[in-house]
Amino acid sequence: MITFESVTKRYPDGTVAVDRLTLEAPTGRITVFVGPSGCGKTTSLRMINRMIDATEGRILLDGVPVQGIDPPTLRRGIGYVIQQAGLFPHRKIVDNIATVPYLLGWDRKKARATAMELLERVGLDPALAGRYPFQLSGGQQQRVGVARALAADPPVLLMDEPFSAVDPIVRTNLQDELLRLQSELNKTIVFVTHDIDEAIKLGDQVAVLQVGGRLAQLADPKTLLSEPADDFVREFLGQDRGIRRLRFISTAGLRLRTDLTVAEGFDGSSPERWLLVVDGDGRPLGWRSSDRPEELEPFGTFVHGTDSMRAALDAALLSPSGCAVAVDERGRAVGVATRQALDEALAEAADG
Ligand SMILES: Nc1ncnc2c1ncn2[C@@H]1O[C@H](COP(=O)(O)OP(=O)(O)OP(=O)(O)O)[C@@H](O)[C@H]1O
Ligand SMILES: [Mg+2]
């Protein structure tokens, strides 16, 4: 656990970058610092590994004040990832990843073997090991940056806008990959971003900072979206707070109808306006309307219990039937969420 106890940073020119920051970053979770440019995110992060020293207050690592730990020892247990990866341009990828193990005096073979394992772990082709950073795409370099930070298996990972310099699709992939890695590694991560959507997606808890280095709100993403502490936070969260909150509402309780599904080739009659046609494996093929039974209409699916209400509503909106098709992990239809069922679930979510 990382604890900030009323931490202030005043730069020599008088700028107060961080103002009496008090919070805890729990072990094994992702804490995101988010806020506009200049609100003190980087300063707060760098005080953890003492690249910057606090002016007042204390930062504790599992109860031990970092001010009492000499920086090299401290940093051995803290991985650090920055924007544009910050790789050493004259070192091959494998040696970039093995930087800290080399510094720690590991046997070269062991260091390289660890680097190769990590290369795969972050989703890169081992064939890239012998290249130089300039021979990789921005997204690949960023993955190498993450691998390098993980090389000595530190319990703590500090990430300062690590995905800001890549395009939105690559960024989404990197975020998903980080969540996947974290589900295996359970590091204590402090992640800095100015992008509120990234914060909401990645954070177990989100600290919203205001210019002047004041903590405006510390909350889990769902609470942040439903109960912003003040106008600053509300404005920073921006549009669509309600819609975005749907991401945190489970579809597990969504009522499904199983009597609207028919096999391909079904030519019986039904009082229903819409019927879902499935193939021999139970996979949806399309909606058949009683007005135009000769043609199948498009459908949208969500994985029942796994995907959120946001996905379920999206699925409903993709189809003229207005219904969402619930599927299992293998894509087989398990039922249909009608508008009425979606309505009920939304009403319940709004209540609770
Ligand atoms: N070495 C320094 N000397 C004086 N002021 C500084 C110094 N470093 C940062 N600052 C100021 O401290 C404040 C916080 O800076 P910091 O880099 O922590 O912000 P940030 O939230 O990371 O911003 P960004 O999103 O732009 O990266 C800013 O007003 C900045 O100008
Ligand atoms: Mg910064």
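The values are calculated or read from the model by the stated rules, or taken from the named source; none is laboratory data. Model, not experiment: these values are computed from the prediction. When we count neighbours, we look across all protein chains shown, and the Cβ atoms used for this are built from the backbone with ideal geometry, even at glycine.
Do you know which residues across the stretch 233-258 are in contact with a strand residue (DSSP E or B) (Cβ under 9 Å, 6 or more places away or on another chain), closer than 19 Å to Gln340 by Cα and not small (Gly, Ala, Ser)? Give the derivation first.
Looking only at the stretch 233-258, we keep the residues that are in contact with a strand residue (DSSP E or B) (Cβ under 9 Å, 6 or more places away or on another chain), and these are 233, 236-237, 246-251, 254-258.
Adding the requirement that they be closer than 19 Å to Gln340 by Cα leaves 246, 249-251, 254-258.
Those that are in contact with a strand residue (DSSP E or B) (Cβ under 9 Å, 6 or more places away or on another chain), closer than 19 Å to Gln340 by Cα and not small (Gly, Ala, Ser): Leu246, Ile249, Thr251, Leu254, Arg255, Leu256, Arg257, Thr258.
Sort out which residues of the stretch 29-76 are away from ligand 2 (no atom under 16 Å from the Cβ) and part of a loop (DSSP other than H, G, I, E, B), and write them in order of number.
Correct list: Arg29, Arg50, Asp53, Ala54, Thr55, Asp62, Gly63, Ile69, Asp70.
Which residue out of Gly38, Gly57 is assigned by TED's automatic domain parsing to the domain that holds Val192 and more than 14 Å from Val192 (Cα to Cα)? Reasoning before the result, please.
On the way: Gly38 fails: more than 14 Å from Val192 (Cα to Cα).
Going through Gly38, Gly57 in turn, the sole match is Gly57.
Test of understanding: among Asp267, Asp259, Asp343, which residue is at pLDDT below 90 and not in a strand (DSSP E or B)? Walk me through it before giving the result.
Working: Asp259 fails: at pLDDT below 90; Asp343 fails: at pLDDT below 90.
Just a single option satisfies the conditions, and that option is Asp267.
What helices (runs of 4 or more DSSP H) lie completely within the stretch 80-126 and have 1 or more residues being touching a residue at least 24 places away in the same chain (Cβ under 8 Å), of a type in the set (Val, Ile, Thr) and outside the structural domain of Met159 (by TED's automatic domain parsing)? Don't jump to the end; show me each part of the working.
Details: elements: 93-97, 99-103, 108-121.
Hits in the stretch 80-126: none.
Does Glu294 fit the bill of being out of contact with any helix residue (DSSP H, G or I) (no Cβ under 8 Å at 6 or more places or on another chain), part of a loop (DSSP other than H, G, I, E, B) and at pLDDT 90 or above?
Numbers: out of contact with any helix residue (DSSP H, G or I) (no Cβ under 8 Å at 6 or more places or on another chain): yes; part of a loop (DSSP other than H, G, I, E, B): yes; at pLDDT 90 or above: no.
In short, no.
Right, Glu177: assigned by TED's automatic domain parsing to the domain that holds Leu61, within 16 Å of ligand 1 (Cβ to nearest atom) and either in contact (Cβ under 8 Å) with a residue 24 or more places away in the chain or in a strand (DSSP E or B) (or both) or not? Don't jump to the end; show me each part of the working.
Numbers: assigned by TED's automatic domain parsing to the domain that holds Leu61: yes; within 16 Å of ligand 1 (Cβ to nearest atom): no; either in contact (Cβ under 8 Å) with a residue 24 or more places away in the chain or in a strand (DSSP E or B) (or both): yes.
Answer is no for this residue.
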